[in-house]
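Engineer: Provided herewith is a single structure, encoded as structure tokens, for subsequent inquiry.
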Amino acid sequence: MFAPVLLALALLSDPAAVAAPPAEVVRRLPADEARQGVAVDADHVYAIDNGRIGKYDKRTGRKVAEWAGDPTLFPHLNSCAVVEAQLVCASSNYPATPMTSSVEMFDPQTLAHVGTVALGPGTGSLTWVIRKDGFWWATFANYDERGGDPGRDHRSTVLVKFDDDWRRVSAWLFPETVLARFAPRSSSGGVWGPDGLLYVTGHDEQELYVLALPEAGGTLRHVATIPMAAPGQAIAWDETQGHVWGVDRARLELIEMRPPVVTAP
């Protein structure tokens, strides 16, 4: 086990962020559904595919439950996160247009579908949604090519803060240094770390972008970039270990990683 590397970051006027040491790979678990993302709780990891979810014992890697949805109702699950007693998933109609999105809820014990919130069109394609400080934080992707609505491209990707009734409270654009790495796709995953920073992935790059809410204005601040083994897609933060989980679509594997410690001013 490597000791965490502490990155003391000075406040930078230059938009370029600090290049951090790579996240250490702890282990890989095979999972047939490891194509879109991963969720995690104390005892299990959940592999996410377009219309499938596999639940795996974290200790043994054995599959203990699975779910498959009607593709007309669940054309494209993008990511999931365990929030209290529910598995909360971001869903969209990708690559159909106009883009529309929903939040789908599952029972993490049985993987039964238990609820839905229709968010509708107009913002982009919902790729990830998480909970923090009594609010929902959701990112809507926009694309340059297939699956994008006319008049918007990857630069229109937006992080939206919602209240409990899914009313929009605030919203932020992503910084140019991160958008350049998203292009021509968008953000596929994001989690709040216990350090209060936002850890975000793109669609393909083997990088984890560390972001912070700005002191003013409507654009997130790029703090650091962490190389990682997972080639983009949705991620999960394992609070029991302080690790980040990702997926390797080509190898159909879940990857557990130990990221360096990052501190922002």
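Engineer: At most 13 other Cβ atoms within 10 Å and a DSSP loop assignment: could you name the trypsin sites (Lys or Arg not before Pro) in segment 190-265 that fit?
Structural biologist: Values: sites: ARG221, ARG249, ARG251; in loops: ARG249, ARG251.
Here the sparse-neighbourhood loop sites are ARG251.
Engineer: Taking just the alpha carbons, could you work out the radius of gyration and Dmax for the chain, both in angstroms?
Structural biologist: 17.1, 50
Engineer: For segment 42-125, which GluC sites (Glu not before Pro) are in a loop by DSSP, counting at most 12 other Cβ atoms within 10 Å? Working shown, then result.
Structural biologist: Numbers: sites: GLU66, GLU84, GLU104; in loops: GLU84.
Here the GluC sites (Glu not before Pro) that fit, given the DSSP loop and packing criteria, are GLU84.
Engineer: Separate question: Given the DSSP H assignment, sum -39500 (n - 2.57) over each helix run of at least 4 residues in the chain and divide by its residue total; what's the result at 222 nm in deg cm²/dmol, nearest 500? Walk me through the intermediate numbers first.
Structural biologist: Details: 1 runs with 7 residues, N = 265.
Computed mean residue ellipticity for the chain: -500 deg cm²/dmol.
Engineer: What is the percent of Cα-Cα separations in segment 90-174 that go past 18 Å? Intermediate results must be reported in sequence, preceding the final value.
Structural biologist: Numbers: 1556 of 3570 pairs.
Summing the P(r) tail past 18 Å for segment 90-174 gives 44 percent.
Engineer: Let me ask something else about it. Would you mind counting up the charge near GLY115? Only other residues with Cβ under 15 Å from its Cβ, with Lys and Arg at +1 and Asp and Glu at -1.
Structural biologist: Working: positive: ARG131; negative: GLU84, GLU104, ASP107, ASP164, ASP165.
So the surrounding residues net to -4.
Engineer: With Cβ to Cβ distances under 10 Å as the rule, what net charge do the other residues near GLY202 carry (K, R +1; D, E -1)? Display every interim value, and only then the final one.
Structural biologist: On the way: positive: ARG181, ARG185; negative: ASP204, GLU205, GLU207.
Within the 10 Å Cβ shell, the charges total -1.
Engineer: Quick one: net charge of ALA68's neighbours, Cβ under 10 Å, K/R +1, D/E -1? Display every interim value, and only then the final one.
Structural biologist: Working: positive: ARG52; negative: GLU33, ASP49, GLU66, ASP70.
Neighbourhood net charge equals -3.
Engineer: So, one more: Using the Cα centre of the chain as origin and beta-carbon charges of +1 (Lys, Arg) and -1 (Asp, Glu), tell me which of TYR199, GLY120, ALA34 is placed farthest towards the positive end of the dipole.
Structural biologist: Value computed over the given set: ALA34.
Engineer: Between the DSSP loop rule and a limit of at most 12 other Cβ atoms within 10 Å, which trypsin sites (Lys or Arg not before Pro) in segment 165-216 are left? Spell out each step's value before the answer.
Structural biologist: Numbers: sites: ARG167, ARG168, ARG181, ARG185; in loops: ARG167, ARG185.
For trypsin sites (Lys or Arg not before Pro) across segment 165-216 that sit outside H, G, I, E and B with at most 12 neighbouring Cβ atoms in 10 Å, the list reads ARG167.
Engineer: Of the lysine pairs in the chain, how many meet both conditions: Cα atoms under 25 Å apart, and a spacing of 8 or more in sequence or different chains? Write out the running numbers ahead of the final one.
Structural biologist: Values: LYS55/LYS63; LYS55/LYS132; LYS58/LYS132; LYS132/LYS161.
Here the count comes out as 4.
None of the figures in this text is laboratory data; all of them are computed from the coordinates on show. Computed from a predicted model, the values in this text were never measured in an experiment. Here Cβ is always computed from backbone atoms with ideal geometry, including for glycine, and neighbour counts include all displayed protein chains.
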